[in-house]
Amino acid sequence: MWSSRWLFVLAAAGSAVGLGNIWKFPYITGENGGGAFVLIYLICVAFVGIPIMMAEVMIGREGRQSPINTMRALVQQHHRSPAWVLIGWMGVLAGFLILSYYTVIAGWALYYILQMAQGTFDGATGAVAESTFNDFLSDPWRLVFWQTLFMVMTVWIIARGVIKGLESAIRWFMPLLFVLLIVLLGYAVTTDGFQQGWDFMFAFHWEDVSGQTVLVAMGQAFFTLSLGMGAIMAYGAYVPSNASITSTVSIIAILDTLVAVAAGLAIFPIVFANGLEPGQGPGLMFVTIPLAFGQMPLGALFGTLFFLLVSFAAITSAISISEPALAYLVETYNAKRGRVAITLGVISWVLGLGTVFSFNIWADRHVVGDLTFFDFVDYVSQNVMLPLGGMLIALFGAWALPKTVIGSQLGLQEGWVNVVWKVVCGVIAPLGVLVVFVATVIG
Ligand code: PFF
């Protein structure tokens, strides 16, 4: 059990705030044309993300085990179809896929700690920042080295048990990360790209919206809030019974959204001020941020600190990605935490090699359409598996659990609460996901 409601907020925020906010949100906003994407993303967080996060915490706290065993216990207890347990299994699979590439990108952040510290970017131009990154990507050995280092750190932490490490990491690093984002934001405001960056993020153009934009925005909402694969359900299993789910979840979602928007506002002005491309893809953050710090006094110091904090944010997310599988194996087979952690780590590491090679020796190999291995794993996990898992979780949380359970979990017994819950979590959220899927297939 978390020792308090606040510890759960810290842990869940640690899971939510990660590469998804600082690396992914800006680059997919760039690839999807900006404003329209941001607005749809915010709508998805509010109407789909928050209810589903509440459902995950509620189900986790009701079952008090790993997601797979929680689902097993709840379907037995309430006489529901065992098919619901698929939610747990799909989450474990999605976790492997996500962890495999997450560790690769987090490895890039580790490498950039070193680069910033060495002053590689002091006074650098956009072209230098771009070529430094491209040279790095073209060398599979260096990528594997940093991927391995990050994986070893992750496995080491999860093998030792997460609670102590998590608490101190998040209590200190999260506020610091905020401060550094504000420093970057302050710098971005002074560049002459600020207005353009602002407009890019907040000017809405209908013509930019397609089924694809909406699907990617929704996938991002799931990814950034760690939803749809049981990570929050697994953490929810340790939440004290008297904590309020509604307020706790709202705090986590707001915090997560603030970090993403701040990252975007820090990055896009620098893109425009330096004549860079907003849609350049996964390298966006690794080019713009070093560039910005390179122009500032004490930039090497702040830049080092920044990538250090990004790496911490990534590690507190990475450990939550593996928690559903880890908790299941430990609980069911009474296996040693350390051994399980190493096994999971090795499997994800091998899968991750596919992502490493997608940026160099396999860059021209396409798994389907024009998707590289990385694109494919990322697309399927984020845009298909997480939303699908989330939709099922919402349906289960609204319709398969008895009214008494919902009432006591949400802390209010009045009839109207149950009605609101059924409408929001049982209809709006799952219907939203369904409509987006259908729209993408048609459109
Ligand atoms: N929410 C994390 C991020 O934004 O970086 C990524 C993530 C963590 C996704 C945990 C899924 C998950 F279960």
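Any read-out appearing in this document is the output of simple, stated calculations on the displayed coordinates, not a laboratory observation. The structure displayed is predicted, hence computed values, not measured ones. Using ideal geometry, Cβ is built from the backbone for each residue, glycine included, and neighbour counts are taken over all protein chains shown.
Of the trypsin sites (Lys or Arg not before Pro) found in the range 337-429, those in coil by DSSP whose Cβ has at most 14 other Cβ atoms within 10 Å are Arg365. For Lys24, the aspartates and glutamates whose Cα falls under 17 Å of its own Cα, not counting residues fewer than eight places away in the same chain, are Asp256, Glu277, Asp375, Asp378. For the range 241-247, backbone phi angles converted through the Karplus equation (6.51, -1.76, 1.60; θ = phi - 60°) give residue-by-residue couplings of 5, 8, 6, 7, 5, 4, 6 Hz, Gly and Pro being listed as x. The 3J(HN,Hα) values that the Karplus relation (6.51, -1.76, 1.60; θ = phi - 60°) gives for the range 348-363 are, in residue order, 5, 4, 4, 4, x, 4, x, 5, 3, 6, 4, 9, 9, 5, 9, 4 Hz. Gly and Pro appear as x.
For the chain, modelled as a GNM whose springs connect Cα atoms under 10 angstrom apart, the maximal fluctuation among Thr316, Thr332, Thr213 occurs at Thr332. When Rg and Dmax are taken over the Cα atoms of the range 265-365, they come to 18.9, 56 Å. Could you work out the Kirkwood radius for the range 124-232, taking every pair of different alpha carbons, averaging 1/r and inverting it, reported in Å? With all distinct Cα pairs of the range 124-232 included, I get 18.7 Å. Note on the range 38-85 and the range 332-385: Cα centroid distance 25 Å, given to the nearest whole angstrom.
If you fit an axis through the alpha-carbon atoms of helix 299-333 and take the longest principal axis of the Cα set of the chain, what angle between them do you get, 0 to 90°, nearest 10? Helix 299-333 sits at roughly 30 degrees to that axis. Subtracting the Cα-Cα distance of Thr404 and Gln77 from their residue separation scaled by 0.36 nm leaves 116.4 nm. Let me check against my output: what whole-number percent is the relative contact order of the chain, with C-alpha pairs under 8 Å and at least 6 apart? Across the chain, relative contact order equals 37 percent. Of the two radii for the range 331-443, the radius of gyration is 1.15 times the Kirkwood radius, both from the alpha carbons; that is the Rg over Rh value.
Where the alpha-carbon atoms of the range 64-185 are placed on the principal axes, they occupy 65, 33, 29 Å, in descending order. Using Cα centres only, tell me the gap between the range 178-250 and the range 397-421 in whole Å. If we compute the Cα centre of each part, the gap is 28 Å.
When the expected Rg is taken as 2.2 N^0.38 Å, what fraction or multiple of it is the alpha-carbon Rg of the range 1-135?
Details: Rg = 20.3 Å, N = 135, 2.2 N^0.38 = 14.2 Å.
With N residues counted in the range 1-135, Rg over 2.2 N^0.38 Å equals 1.43.
Backbone geometry of the range 274-280 corresponds, through the Karplus equation with coefficients 6.51, -1.76 and 1.60 at θ = phi - 60°, to 3J(HN,Hα) couplings of 9, x, 8, 9, x, x, 6 Hz, x marking Gly and Pro.
Excluding same-chain neighbours fewer than eight residues apart, the aspartates and glutamates reachable from Lys336 by a Cα-Cα span under 16 Å are Glu323. Of the residues Val271, Val259, Val330, the one that moves most in a GNM of the chain with alpha-carbon contacts below 10 Å is Val330.
Eigenvalues of the Cα gyration tensor times 5, then square-rooted: what semi-axes does that give for the range 176-281, in whole angstrom, largest first?
On the way: eigenvalues 200, 74, 24 Å².
Working from the Cα gyration tensor, I get semi-axes of 32, 19, 11 Å.
Percentage of Cα-Cα pair distances in the range 305-364 greater than 19 Å, rounded to whole percent?
Details: 878 of 1770 pairs.
Value for the range 305-364 (Cα pairs over 19 Å): 50 percent.
Would you mind getting me the FRET efficiency between Phe204 and Glu277? Use the beta-carbon distance for r and R0 = 22 Å, nearest 0.05.
Numbers: r = 21 Å, r/R0 = 0.97.
That gives a FRET efficiency of 0.55.
In whole angstrom, the chain maps to an equivalent ellipsoid with semi-axes of 35, 24, 21, each derived as √(5λ) from the alpha carbon gyration tensor and ordered largest first.
So what is the 222 nm mean residue ellipticity for the chain from helices alone, if each DSSP H run of at least 4 adds -39500 (n - 2.57) and you divide by all residues, rounding to the nearest 500 deg cm²/dmol?
Numbers: 21 runs with 320 residues, N = 443.
Only helices count here, giving -23500 deg cm²/dmol.
Taking the Cα centre as origin and putting +1 on Lys and Arg beta-carbons and -1 on Asp and Glu beta-carbons, what dipole magnitude results for the chain, to the nearest 20 debye?
The calculation lands at about 1780 debye.
Treating only the Cβ atoms of Lys and Arg (+1) and Asp and Glu (-1) as charged, compute the dipole magnitude of the range 340-443 about its Cα centre; round to the nearest 20 debye. Walk me through the intermediate numbers first.
Numbers: 3 positive and 5 negative charges, 75 e Å.
So the dipole magnitude of the range 340-443 works out to roughly 360 debye.
Within a Cβ distance under 12 Å of Gln382, other residues only, what is the Lys/Arg minus Asp/Glu net charge? Mind dumping the intermediate values first?
Working: positive: Lys24; negative: Asp375, Asp378.
Summing Lys and Arg as +1 and Asp and Glu as -1 gives -1.
Within the listed set Ile428, Ile315, Ile59, the Gaussian network model of the chain (springs between alpha-carbon atoms below 10 Å) gives the highest mean-square fluctuation for Ile428.
If the segment from Asp122 to Ala439 were pulled out straight at 0.36 nm per residue, it would be longer than the present Cα-Cα gap by 109.4 nm.
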